[in-house]
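Accompanying notes for the structure given below.
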Protein chains: 2
Amino acid sequence: MVSNQTKISPEFIQNAARVLKTLGHPDRIKIVEFLEDGEKTVGQIHRDLNMHQPIVSQHLKVMHDRDIVTFRQEGTRYFYSLANNFITKILNCMSEVQAKLDSGEWDFEFSIPNN
Amino acid sequence: MVSNQTKISPEFIQNAARVLKTLGHPDRIKIVEFLEDGEKTVGQIHRDLNMHQPIVSQHLKVMHDRDIVTFRQEGTRYFYSLANNFITKILNCMSEVQAKLDSGEWDFEFSIPNN
DNA sequence: GTATTATATAGTAAAATTACTATATTTCCA
DNA sequence: TGGAAATATAGTAATTTTACTATATAATAC
């Protein structure tokens, strides 16, 4: 499946690493998942996901730097949304994996490391 | 596409975050990509990818802790391989994204942040 | 047995991330 | 005009990650 595909370029590896690392935080995954539903204000994220407001702003800033989210400003409110298909693609992967785990099609089990 | 799928569980978010964060390092992406070709010894990785041997061992240890790779020992050599379908799935996503970027189907461009 | 090969592990300094508190800025409304 | 609401930003201590050097361990070859 994978072996006969295009060689991944060094630039892509760098960018992919940045995006994957950025996505590698529970809060940010939650935020991104929430944004799949459509654009949201900082306050909506802050209240609905029960996170401190500065934390939300901080995460959004990081994700904006990495081109994961964009925003439009309207008065005092900032409406954030997902920036590109890459992110949706990754999330689709995650959802598919989740579905297969749920259905028992895969018996793979993450372990909690003890160190 | 995504909106009507199963809600991602909190446990999955935690695990996904761990795996994504671990994969979010250029060297580890290279190693994982190399392992797609089949099991490899530490020395092969170290020489073929031109990384310091302790660095390779360190990355492999981290990825083993996260169930991204497994290994079998034969004499003094350790043969590492990818541990599960989750990783291949993520890599497939990355490859697909790469292909679409290469073909121009997507005009998305990562930016290099200046901070 | 001794050197060599292959790999893991220990130790560590520098850098990055995280979570948090406090505060500044902007806009809106009474 | 003055205050409240929404959000960004600054500052910071604790933790984690990273990259590196040195060394330990175990198997093998001579």
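The values are calculated or read from the model by the stated rules, or taken from the named source; none is laboratory data. Predicted, not measured: the structure shown is a model, and the values here were computed from it. Note that each Cβ is placed from the backbone with ideal geometry, even for glycine, and that neighbours are counted across all protein chains shown. For the accessible areas, the whole protein counts, side chains as well, though only heavy atoms, and no ligand, DNA or RNA atoms are used. Shrake-Rupley method; radii C 1.70, N 1.55, O 1.52, S 1.80 Å.
The table that follows gives values for the structure above.
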quantity	calculated
When residues of region B:37-49 are limited to those that are outside any helix (DSSP H, G or I) and open to solvent by less than 60 Å² (accessible area, probe 1.4 Å), the one farthest from residue B:68 (Cα to Cα)	B:49
Test result for residue B:8, facing chain A (nearest Cβ under 7 Å), surrounded by 15 or more Cβ atoms within 10 Å (Cβ to Cβ) and outside any helix (DSSP H, G or I)	yes
The lone exception for residue B:60 - which of (1) away from every other protein chain (no Cβ under 12 Å); (2) open to solvent by 20 Å² or more (accessible area, probe 1.4 Å); (3) touching a residue at least 12 places away in the same chain (Cβ under 8 Å) it fails	(2)
Some residue of region B:17-36 being surrounded by fewer than 16 Cβ atoms within 10 Å (Cβ to Cβ), more than 7 Å from chain A (Cβ to nearest Cβ) and more than 15 Å from residue B:83 (Cβ to Cβ)	no
Failed condition for residue B:34, given (1) within 26 Å of residue B:93 (Cα to Cα); (2) near DNA strand C (Cβ under 8 Å from one of its atoms); (3) of a type in the set (Phe, Trp, Tyr)	(2)
Meets criteria (at pLDDT below 90 and at the interface with chain A (Cβ under 7 Å from one of its Cβ atoms)) for residue B:2	yes
Index of the failed condition, residue B:56 passing every other in (1) of a type outside the set (D, E, K, R); (2) more than 12 Å from DNA strand D (Cβ to nearest atom); (3) over 13 Å from the mean Cα position of the chain (by Cα)	(2)
